[in-house]
Amino acid sequence: MENLQGLLEQAPVFVATYGLKLLAAIVIFVVGKYFAGVFKRLTDKLMTNRGIDKTVASFVANLVWGLVFVFTVIAALGQIGVQTASLVAVIGAAGLAVGLALQGSLSNFAAGVLMVIFRPCRVGDFVEAAGVAGVVDEITIFSTKLRTGDNKTIIAPNSAMMDGTIVNYSAQENRRVDLVIGVGYTSDIAKTKQVISAVLDNNQYVLKDPAYTVALGELADCSINFVVRPWVKTSDYWPAHFELLEQIKNALDEASIEIPFPQMDLNVKELPAQ
């Protein structure tokens, strides 16, 4: 009875001492959890408004929520007297171990976030990166899916994409077609330029602005080489390339302008009689 009476006498002191701390810890937890949700929604909204991929936005928003929630739990435990220094050390060690185990995946994720933010390429672009070339079909948080010209699917890690040079052939509205046309040394230079220019003027893909270039580029071993550089819409590059080669060949043939090819002249001398 005396022990019970002593406990009852100490109850108000215990409640006054620890009850307020417990109440403060509960308030910290509730408020912290509320703000974690606010930060999560705000992060997701900001990233979505900037056009960042929904998967990446959701992942980052959940990561922000987790960080705020962990900080809230640590603060609440510290309020009721729990030694949080060792807890923080354990969490830090665990985070370091997980980070080392997932080093490759984390680097791919970081590269994926950078790709979504800085947009070096978009879905539908034809790019050359990580030693491969193809049309971008999908950009995820860890990898990029490319489709080659012969319809093969290539999955390239985002870290490999960002660590090297990305050549985006679809980034600009217009693109220049670079052709080299060789004619024989007996050909008239002015006439050849006129024939090629007429083909470019009448081609359906060649743009008027920027203007095309037809110029003598090289006096080669067996031919006079002209550089032919018309501008076309990026989406028309390959149709224009193939069609121009065919049309220029036909036009030169009609104008009786020779297109040389490698050949060898063999002169046989009469041997002296034995």
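The values are calculated or read from the model by the stated rules, or taken from the named source; none is laboratory data. If you're wondering where the values come from, they're calculated on a predicted model, not measured in any experiment. Reconstructed Cβ throughout: ideal geometry from the backbone, glycine too, with neighbour counts over all protein chains shown.
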Exercise for review: Restrict the check to the range 245-265 and report whether at least one residue is surrounded by 12 or more Cβ atoms within 10 Å (Cβ to Cβ), under 12 Å from Leu179 (Cβ atoms) and at pLDDT below 95.
Suggested key: no
Check your understanding: Failed condition for Asp178, given (1) of a type in the set (D, E, K, R); (2) under 30 Å from Ala215 (Cβ atoms); (3) modelled with pLDDT under 95, with all others met?
Key -> (3)
Review point. Which ranges mark the strands (runs of 3 or more DSSP E) fully within the range 133-184 that have 1 or more residues being more than 27 Å from Lys233 (Cα to Cα) and not assigned by TED's automatic domain parsing to the domain that holds Lys233?
Key: 143-147, 153-157
Review point. Are there any pairs with C-beta distances below 9 angstrom linking a residue in the range 193-210 that is closer than 18 Å to Glu173 by Cβ to a residue that is hydroxyl-bearing (Ser, Thr, Tyr) and surrounded by 14 or more Cβ atoms within 10 Å (Cβ to Cβ), with the two at least 6 apart or on different chains, and if so which?
Key: Tyr205/Tyr237; Val206/Tyr212
Exercise for review: Can you tell me which residue among Lys21, Lys40 is of a type outside the set (Ser, Thr, Tyr) and modelled with pLDDT under 75?
Suggested key: Lys21
Review point. Of the residues in the range 219-244, how many are surrounded by 11 or more Cβ atoms within 10 Å (Cβ to Cβ) and over 33 Å from the mean Cα position of the chain (by Cα)?
Key: 6
